[in-house]
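What follows is a single structure, written as structure tokens, with notes after it.
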Amino acid sequence: MRKGISEQWVSVQEDNHRGIPFYEARGFLFKENRIKETETGEQQVSLRYARKLNSY
């Protein structure tokens, strides 16, 4: 492993129809939803993806 890092995480907005397939094609797997409320009271949903990194 490089410098003890074994996993990589990314967040993608739920309606990002280009980003989601991009990360999935690179081995990221869906893990969870995160909901954040903005200052205007809107809810933003981000999808959390992770993938294992190869050891060297």
Give the residues of the range 1-32 that are surrounded by 10 or more Cβ atoms within 10 Å (Cβ to Cβ), more than 13 Å from Val45 (Cβ to Cβ) and among the β-branched types (Val, Ile, Thr), sorted by residue number. Val10
Residues (among the hydroxyl-bearing types (Ser, Thr, Tyr) and surrounded by 10 or more Cβ atoms within 10 Å (Cβ to Cβ)) located in the range 33-46: Ser46
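Only the coordinates and a few stated rules stand behind these numbers; no lab work does. No experiment lies behind these values; they were computed from the predicted model shown. When we count neighbours, we look across all protein chains shown, and the Cβ atoms used for this are built from the backbone with ideal geometry, even at glycine.
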